[in-house]
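The values are calculated or read from the model by the stated rules, or taken from the named source; none is laboratory data. Everything quoted here is computed from the prediction, not taken from an experiment. Here the Cβ positions follow ideal geometry from the backbone for every residue, glycine too, while neighbour counts run over all protein chains shown.
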Amino acid sequence: MNKMFYSTSLCLEDGTFYKGWSFCNFATSSGEIVFNTGMTGYQEIFTDPSYFGQMVVFTYPELGNTGINIDDNESYAFHAQAIIAKDICAYPNNWRSKIALSDYLRMQSIPHIFGIDTRSLVRYLRLNGSMNGLIFNSLEYKFSPESFIDLPSMQGLDLVHRISTSRPYSVNLKDCKSMQFFYYNDLYTRDSFQDFFNVVIIDFGVKNSIISRLMSYNCNINVLPATSTYETICSYNPDGIVLSNGPGDPSSLSYVLDTVKKIIHFSQIPIFGICMGHQILSLASDFQAFKLIFGHRGLNHPVSMSQRSEITSQNHGFAIKVHCSKSHTETMKIMSWNLNDLTVAGIFHLTKPIFSVQYHPEAHPGPHDSDYLFSHFIKLMKNFKISMQ
């Protein structure tokens, strides 16, 4: 194995510099620098489309202990702009490992830096907020402050159109064994639902594990572009609609908001929003969104729902404002709160089968406290099918 290291630098937009190393030369990368506090799941994190446009700082001190496998990818590609780590293991030890993370980074020329004090960087981001940064090989790039002039702010940025599927596609139960992302063990976790359901997913950057979890409940999936119209969505005769996770600022997706408003007002189709989908559903219901200082990204975020609390997996940089305008209190109710900062963690419609959560109930990676939400969505679809008969 080639053990050559390359001098690499990370520069924040306010001029703060970190110097470290990388396993290869790569093209200069830029993006919003964010941090994730999870102790596991690095492969799921950097293949999650929700991290598109962001460079991820991992607070866990060493990445790569379990290598890279073919089963845990959340999408077809590496979506994070770069990896920032304290150390990267070159010799993984796990029965599922197919390649070391260090070799994977080298072979794919993925921007990354290790050997820096990630504790210092995370503390700096917590105090000053997430900000844009550049990562580059020191000997291959001449840095200047003007490098940040053309870097867009995440606020107001529509990234969904960059990663949403360009054409509809279907994933059917009869074809599931040929799909790489399908988790075979999910076949044995089905609840007592014998019906088959036709689910439309509006793709803002959907994770494979969301599709997999729905399929484990006998759902045939149609994934549609984010630009799909109300008429197009209804033409699939869905038993339920999932508004998926995704990157960027939800307030910039006016074309999506108009469609979701029509679905809410003109149909009785059950809707389940996850992360970005939760924000879209909230905005379509007259809530407002705002950018968090450094976001919620990790596997141990406590959420309160009535008399119970759950530990949840979260990944988002925007949240929903709490306000009491008459327009939304008559139709939507807040059902859960993030116990770290009391931001809105979930909402539900008072008269229609519609609900959403800011966190990730599929929990890849993360705890499975909220997995019951999929079962709840299935029950709503079952009742909807009965009412339509």
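Values as computed for the structure displayed
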| item | result |
| --- | --- |
| Entirely in region 38-147, the helices (runs of 4 or more DSSP H) that have 3 or more residues that are under 22 Å from Thr16 (Cβ atoms) | 118-128 |
| Any pair with Cβ under 8 angstrom, 6 or more apart, that starts in region 288-306 at a residue that is without any contact (Cβ under 8 Å) to a residue 40 or more places away in the chain and on the phi > 0 side of the Ramachandran plot and ends at one that is of a type in the set (Asp, Glu) and not in a strand (DSSP E or B) | none |
| Residue list for region 355-370, restricted to those being under 16 Å from Met332 (Cβ atoms) and surrounded by 24 or more Cβ atoms within 10 Å (Cβ to Cβ) | Ser356, Val357, Gln358 |
| Count of region 40-77 residues which are under 19 Å from Phe294 (Cβ atoms) and over 17 Å from the mean Cα position of the chain (by Cα) | 2 |
| Verdict on Glu231 being assigned to a helix (DSSP H, G or I), more than 21 Å from the chain's Cα centre (by Cα), over 21 Å from Thr47 (Cα atoms) and at pLDDT 80 or above | yes |
| Check on Val223, surrounded by 23 or more Cβ atoms within 10 Å (Cβ to Cβ) and modelled with pLDDT of 95 or more | no |
| Subset of region 207-228 that is more than 15 Å from His376 (Cβ to Cβ) and assigned to a loop (DSSP other than H, G, I, E, B) - its residue that is nearest to the chain's Cα centre (by Cα) | Lys207 |
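Every residue, every condition in (1) modelled with pLDDT of 95 or more; (2) more than 18 Å from Ser138 (Cα to Cα), yes or no:
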position: Ala27; (1), (2): no, no
position: Thr37; (1), (2): yes, yes
position: Thr40; (1), (2): no, yes
position: Asn65; (1), (2): yes, yes
